[in-house]
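Remarks on the structure that follows.
The values are calculated or read from the model by the stated rules, or taken from the named source; none is laboratory data. Not measured: the values here are computed from a predicted model. Backbone-built Cβ (ideal geometry, glycine too); neighbour counts: all protein chains shown. To get the accessible areas, we keep the full protein, side chains included, count just its heavy atoms, and leave off ligands, DNA and RNA. Shrake-Rupley method; radii C 1.70, N 1.55, O 1.52, S 1.80 Å.
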Amino acid sequence: LISPSLDIQSNWDRHQLKFSSSADLAQYDDNSSENYEDFNVGTSGRYDFSKQDNVFAGYNYSQGHESRASPDSFSGSVPTKFYSSDAHLGTVQKLGHIAMRLGGTFQNLEFKDVPTNAVHINHDDRNRDLYGLGLRLSYARDKRLQPFVQFVYDRREYQDTLDDNGFHRDSDGYRVAAGLQSVIT
């Protein structure tokens with residue numbers, strides 16, 4: 001297993017820019033059908049309007065694999081490859097001790113079909129787009145303890161209306177959380 005990686009990040013006083021890449025390259029001596037080449041490349045950045053306000057964004061593209069022991073890939077003759085494109089965009093606004101973080105995410109997942117000894121395992125019904133929108137409000141009077149509340153909405157849209165078993169798997173989800181963020185020195 002060889003796992004090279006490269007991260008380049010700015011060290012500016014304002015704004016931020018980052019590039020990253022990594023890979024996991026696995027070669028088996030006796031079971032070459034288990035070989036895989038996973039990789040990940042991405043960039044992200046932040047533009048600071050002031051110390052209180054900024055916008056941030058990023059994009060990531062990766063190829064991964066699922067083990068043949070996965071219930072979705074059981075009996076495939078090779079690991080299942082999948083591709084993921086991820087993007088995010090958001091803003092942070094601070095007014096006094098109150099901070100608001102608003103952001104959106106998008107992910108596209110595409111799974112490749114896998115051969116077996118007799119037929120191909122169809123993974124087209126697993127291809128999907130995921131959308132997310134979140135809002136977080138925090139109160140930062142004391143930098144060591146910051147209470148917050150957050151709300152997240154997510155939407156999953158499968159590219160096939162029905163999966164191979166006849167199920168409609170599109171969904172909407174909501175999460176609400178409240179907590180206390182703490183910095184331990």
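A few comments on the model shown:
- Residue tally, condition among the aliphatic types (A, V, I, L, M) and over 22 Å from the mean Cα position of the chain (by Cα), over segment 104-136: 4
- Glu66, sole failed condition from (1) modelled with pLDDT of 95 or more; (2) of a type in the set (Asp, Glu); (3) within 22 Å of Leu25 (Cα to Cα): (1)
- Looking across segment 171-183, just one residue is over 23 Å from the mean Cα position of the chain (by Cα) and open to solvent by 90 Å² or more (accessible area, probe 1.4 Å), and that is Leu180.
- Considering (1) in contact with a Lys or Arg (Cβ under 6 Å, 6 or more places away or on another chain); (2) at pLDDT 95 or above; (3) under 22 Å from Leu135 (Cα atoms), the lone condition that Met100 does not fulfil carries the number (1).
- Output for segment 120-170, where each listed residue is small (Gly, Ala, Ser) and either open to solvent by 40 Å² or more (accessible area, probe 1.4 Å) or not in a strand (DSSP E or B) (or both): Ala140, Gly166
- Qualifying positions in segment 58-101 - open to solvent by 30 Å² or more (accessible area, probe 1.4 Å), over 27 Å from Leu17 (Cα atoms) and free of Cβ contacts under 8 Å to residues at least 12 places away in the same chain: Ala69, Pro71, Phe74
- Among the residues making up segment 58-80, a single one is hydrophobic (A, V, I, L, M, F, W, C) and touching a Pro at 6+ places or on another chain (Cβ under 9 Å): Val78.
- Beta carbons closer than 6 Å, at least 6 apart along the sequence or on distinct chains, never pair a first residue in segment 119-147 that is at negative phi and among the β-branched types (Val, Ile, Thr) with a second that is surrounded by fewer than 16 Cβ atoms within 10 Å (Cβ to Cβ) and in a strand (DSSP E or B).
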